[in-house]
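Reading through the structure tokens given below for one structure.
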Amino acid sequence: QEKQRFLTDVLHEVMLLDGLASSHPVSQEVQQATDIDRVFDWIAYKKGAALIRMLANFMGHSVFQMGLQDYLTIHKYGNAARNDLWNTLSKALKKVGKFVNIQEVMDQWTLQMGYPVITILGNETTDNIVVISQERFVYNRDAKLKDPDFGDNSYLWQIPLTIAVGNTSHISSEAIIWVSNKSEHHRIPALEEASWLLGNINQTGYFRVNYDIRNWRLLINQLTRNHEVISVSNRAGLIDDAFNLARAGYLPQNIPLEIIRYLSEEKDFLPWHAASRALYPLDKLLDRTENYNIFNEYILRQVASMYLKLGWPTNNLNKSLVQASYQHEELRREVIMLACSFGNKHCHQQAATLISDWISSNRNRIPLNVRDIVYCTGVSLMDEDVWEFIWMKFHSITAVSEKKILLEALTCSDDRNLLNRLLNLSLNSEVVLDQDAIDVIIHVARNPHGRDLAWKFFREKWKILNARYGEALFMNSKLISGVTEFLNTEEELMELKNFIKTYEEGAAASFSRAVETVEANVRWQRLYKEELFQWLRKSVTH
């Protein structure tokens, strides 16, 4: 059982960044000092890890480990280049009678930026022939046209695509198909009328998979009837792929929302976590629109039954009860977070009760692993007294982790005056630690009531912020993406572009990423928002 969080915290995370046209390859030359923070950013680390996982899986773990040991023995004291590793691994595969030129394969994955989306289309006339094609996945598909490097579709990968065929009660063992052309025909023997196809088994590959609508329907049907036929990793992968494919416009908007209907039966943490993470950017695209409540309602309906089933953790101070399993606690936290943030009445009441109890008794009995949710919900729902109370606690408490949670809770307020006050205090080093100021600004930007305030504050204080964080690795890019990633109107895009014109110097890479993200957001609003709401209206009335 590999560490499952790898999927959501590494793979899904880096695929989000790497889906931008302005990404960069894992391996690149360092010409000047400013290149270093590109080479050592999250894409390099997390994508590197994801690619090694893919490699180990298609080689077979034992062969991979054998090859790795040889490699480490040969280069015990020397500095090795990546090609030495690839060649040693190819030799290890040869020993077991497999012939793959690992260097050729891995060069494509490490030297090209981004990653492919594989589309598997069934054939109307012949049952077991499918067309498998690949193209580079990008969120902003208009960006392709502008960039000459993109135009010739030179992006091709050799892709170890594992596939399995399933029906209502059974899934076949996996087969591997190496896809290396733009488009290929493949025969899949077991594919019949009522069976579905699943690609990228256990999501070991660094790519997304799209299907024809008929196959998506069959998969959704399978999840609804008996989701356990499909592995936990693949359930999480289907959710993550569907939301991201829809966001980039490769898939109709309703498909991901139909997939998550099965969650009321899902007892595993991972698919819930994948859904929660994938819903987040969609929620932020919609949270300032007039029809937002339709979306809100729909999500609440998917969460309600599991929320009621799991309830809240109790704070057993005597600890005599056996602690619920970590998985179970994580799942419960995820569901409470969704219920409270989408406005489940019971969840809101529970949070308000816990806060009131803390204020009146001055003893904090709120269970530790839901504190952040309760604080945030309390601040957003209750009156200014609660904000002042949390603010006071923030000052009097010394524990760093608790301080951070309290500070972030203050950003949850609906009151724009309080949010402005917080933004202005964030740059006062006597009140807020330097490294926490960024989090304050980013969290205010995540709040729909404060998004424009944080964006304005960021632009007005850019000189100070850049002087303070410009040198710090990651800090500036984190701040820039944090205040811009959920801007989604034409007007905000113009503001961003004008701002960049005025402040040419510094943080160029982060700003080009920001422009691309906002362009993709604006494009999504223009092309897909109405489609999504039309479908939601229909589904809420049924």
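The values are calculated or read from the model by the stated rules, or taken from the named source; none is laboratory data. From a predicted model like this one, the values you see are computed outputs, not experimental measurements. Here Cβ is always computed from backbone atoms with ideal geometry, including for glycine, and neighbour counts include all displayed protein chains. Each accessible area value is taken on the protein alone, full model and side chains, heavy atoms only, with ligands, DNA and RNA left out. Shrake-Rupley method; radii C 1.70, N 1.55, O 1.52, S 1.80 Å.
Residue-by-condition table, conditions (1) in contact with a strand residue (DSSP E or B) (Cβ under 8 Å, 6 or more places away or on another chain); (2) open to solvent by 30 Å² or more (accessible area, probe 1.4 Å); (3) at pLDDT 75 or above; (4) not polar (S, T, N, Q):
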position	(1), (2), (3), (4)
V14	no, no, yes, yes
S22	no, yes, no, no
T34	no, yes, no, no
K47	no, no, yes, yes
F64	no, no, yes, yes
Y71	no, yes, yes, yes
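Please list, ordered by residue number, the helices (runs of 4 or more DSSP H) wholly in the range 443-497 having 2 or more residues that are under 20 Å from L425 (Cα atoms) and among the basic types (K, R).
Per the criteria, 451-460, 462-469.
Pull up the range 282-305, narrow it to residues that are of a type in the set (S, T, Y) and open to solvent by 20 Å² or more (accessible area, probe 1.4 Å), then point me to the one that is nearest to R451 (Cα to Cα).
T289
For the structure I just gave you, tell me whether D439 is within 29 Å of the chain's Cα centre (by Cα) and open to solvent by less than 60 Å² (accessible area, probe 1.4 Å).
For D439, the condition - within 29 Å of the chain's Cα centre (by Cα) and open to solvent by less than 60 Å² (accessible area, probe 1.4 Å) - is met.
Let me spell it out: the conditions are (1) in contact (Cβ under 8 Å) with a residue 60 or more places away in the chain; (2) farther than 20 Å from A248 by Cα; (3) open to solvent by less than 70 Å² (accessible area, probe 1.4 Å), and L532 meets all of them except one. Which number is the exception?
(2)
Considering only the range 191-211, state which residues are of a type in the set (D, E, K, R) and modelled with pLDDT under 95.
Across the range 191-211, the qualifying residues are E192, E193.
Scan the range 437-471 for residues that are touching a Phe, Trp or Tyr at 6+ places or on another chain (Cβ under 8 Å) and of a type in the set (D, E, K, R) and jot them down.
R446, R451, R459
Please give the helices (runs of 4 or more DSSP H) falling wholly within the range 326-393 in which 2 or more residues are open to solvent by 50 Å² or more (accessible area, probe 1.4 Å) and in contact (Cβ under 8 Å) with a residue 40 or more places away in the chain. Write out each step before concluding.
Details: elements: 326-341, 345-361, 371-381.
The helices (runs of 4 or more DSSP H) meeting that bar are 326-341.
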